[in-house]
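Right, one structure below, let's go through it.
The values are calculated or read from the model by the stated rules, or taken from the named source; none is laboratory data. These numbers were taken from a predicted model, which means no experiment stands behind them. Cβ placement follows ideal geometry from the backbone for every residue including glycine, while neighbour counts extend to all protein chains displayed. All accessible areas refer to the heavy atoms of the entire protein, side chains included, with ligands and DNA or RNA removed. Shrake-Rupley method; radii C 1.70, N 1.55, O 1.52, S 1.80 Å.
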Amino acid sequence: MNAAFSRRFLAALVVGGVVLTPALGAPPPVAQSSDNSRYASIVVDAASGEVLFSRFADARRYPASITKVMTLYLVFEALESGKVKLTDNLTVSPRAASQPPSKLGLAAGQSISLEDAMKATAVRSANDMAVVLAEHIGGSEAQFTARMTAKARELGMDHTRFTTANGLPDTRQATTARDLSILSRAVMRDYPQYYRYLGLHDWFYNGRDYRNTNGLLATGRGYDGIKTGFTNASGYNLAASSVRDGKRIITIVMGGRSTKSRNEHVAELMDTGFEVQRRRGQGERIQVAQTFFEQRGYGISADPNPPVEYASVSDEDGEGVSSTAVAYVSGPPPASLPTEVTPPPSARAAAATPRATAPIQRAEAPRTAESLTASLNGGASSTTRRTASAPARAPARETAPAGRWTVQVGAFREESVARDWLNDVSRRFRTQFSDAQRDVQVANGWYRSRFTGMTQAAAEAACDALGERRVTCMVIRPS
């Protein structure tokens, strides 16, 4: 990083009010409003390390599931040193079993071989199995992620910090496209005997065939790894490696709009990189490959748009394979999301004519500290119980109509997926949504999974419960 860029970078941090993190020397990624707030890319010659092309390669980004490459790197290191064996039986802890999708889904107390846990992490991108591996080797996920960060420093990944073994969102976890290219080179250089796990097309386990989340592996264009990644905060990420005519190129793309557009962009960058190598092999002098790329249209204006405003389903289960895994949000929902909505006709009708089975007394009780605490704890206070036995009357001090609050748990491009996810959340959190109506509302091409007709206290308590399970949730006040 040159001195002029450093001054501009530091000035931007001061203006933005960012506090430097001593452990990193720079802050983790923060929400940005620029068009390139998620996008970054780099194309590297794997043998020489020459950077053929880069765009925002040193900007901090969320790694998402590409994190698992470092997790597996440390597993490979432990295998090489003899500390663990492929045949080791690993027991799934309650913490590992509680990890959100994508996951293998073994229950706490069940066991799995280390090799199968590795395959599940590489092929299925299983969040639970990444934690199983971390706990087996590091003793705990926290101790293991400390080793991950230390290894990143050792490899020269100076702008990377790991706090989870699977890449689930944590605002402290950060990396760059350049650092991910360093990691990609390192894993194939240091552990070529194990690198093959990152290129498995599929894996058969317990009666089911799992397809690799990296759809480029099946294209026949020399792709043999490495790892995909997706969260709402990161967009669609991919670290890819391809070998053609005896040469290997690594391409990293972060912040894609979708699996399809990301893969197409990676393929275009990869093809151009090999074109540079081919022309050089024919004697053409291309000293600055970046210029060649930019002549092909890969300048700033060619950067993909940032990811869609709110993408709550990950298709990391494979190309064309449906999934109900949510994309967990690291911070507050994007500012472009509506904070107020007009309730659907069903919710308005419910507010105007209360259902006979609805607990009217509880909904209309004054919002006292006692009743709020009871609602958060999932029970009724003594005040609420006394009110339940008295005739229902609207309190004079009520300032907002009850039963008009909404909880949104996801937004999807397909209505069937939105309804399936709504039903799944309703089943898993039946206590929190027992008095709510399920509704899928469509706007701007997005199908939003929502629970309507709730009180403020019930909506907030429900989101608290979902948040503890790391499920995306947003409370929407009445209009």
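Just to be sure, is Ile249 modelled with pLDDT of 95 or more, among the β-branched types (Val, Ile, Thr) and either in a strand (DSSP E or B) or under 17 Å from Ala120 (Cβ atoms) (or both)? Considered against the rule, which asks whether it is modelled with pLDDT of 95 or more, among the β-branched types (Val, Ile, Thr) and either in a strand (DSSP E or B) or under 17 Å from Ala120 (Cβ atoms) (or both), Ile249 comes out as yes.
Of the residues making up the stretch 429-440, those that are under 17 Å from Thr472 (Cα atoms), touching a residue at least 12 places away in the same chain (Cβ under 8 Å) and surrounded by fewer than 22 Cβ atoms within 10 Å (Cβ to Cβ) are Phe429, Arg438, Asp439, Val440. When each of Ser234, Ser258 is tested for being of a type outside the set (Val, Ile, Thr) and over 20 Å from Ala130 (Cβ atoms), the lone residue that passes is Ser258. Of all residues in the stretch 95-131, those that are touching a Phe, Trp or Tyr at 6+ places or on another chain (Cβ under 8 Å), in a loop (DSSP other than H, G, I, E, B) and among the hydrophobic types (A, V, I, L, M, F, W, C) total 1. Scanning the stretch 120-146 for residues that are within 15 Å of Ser65 (Cβ to Cβ) and not polar (S, T, N, Q) yields Ala120, Ala122, Val123, Arg124, Ala126, Asp128, Met129, Ala130, Val131, Leu133, Ala134.
Please work out which residue is least open to solvent (accessible area, probe 1.4 Å), limiting yourself to the stretch 79-103 and to residues that are touching a strand residue (DSSP E or B) at 6+ places or on another chain (Cβ under 8 Å) and at pLDDT below 95. Among those residues, the one meeting the criterion is Pro100. Checking the structure you have, find out if any residue of the stretch 442-464 is in a helix (DSSP H, G or I), without any contact (Cβ under 8 Å) to a residue 60 or more places away in the chain and closer than 23 Å to Gln99 by Cα. Yes, the conditions are met somewhere in the stretch 442-464. Only one of the listed residues (Arg147, Arg221, Arg208, Arg172) is modelled with pLDDT of 95 or more and either closer than 30 Å to Glu468 by Cα or of a type in the set (D, E, K, R) (or both). That residue is Arg147.
Residue by residue through the stretch 120-136, note down the ones that are buried (at least 22 other Cβ atoms within 10 Å of the Cβ) and not small (Gly, Ala, Ser). Hits for the stretch 120-136 are Thr121, Val123, Arg124, Asn127, Asp128, Met129, Val131, Val132, Leu133.
Go through (1) assigned to a strand (DSSP E or B); (2) touching a residue at least 40 places away in the same chain (Cβ under 8 Å); (3) surrounded by fewer than 18 Cβ atoms within 10 Å (Cβ to Cβ) for Ile476 and report which single condition fails. Failed condition: (3). Of the strands (runs of 3 or more DSSP E) lying entirely inside the stretch 155-241, those containing at least 2 residues that are farther than 25 Å from Glu77 by Cβ, free of Cβ contacts under 8 Å to residues at least 60 places away in the same chain and open to solvent by 10 Å² or more (accessible area, probe 1.4 Å) span 208-211. Exactly one residue out of Val84, Val92, Val132 is over 21 Å from Gly207 (Cβ atoms) and of a type in the set (A, V, I, L, M), and it is Val84.
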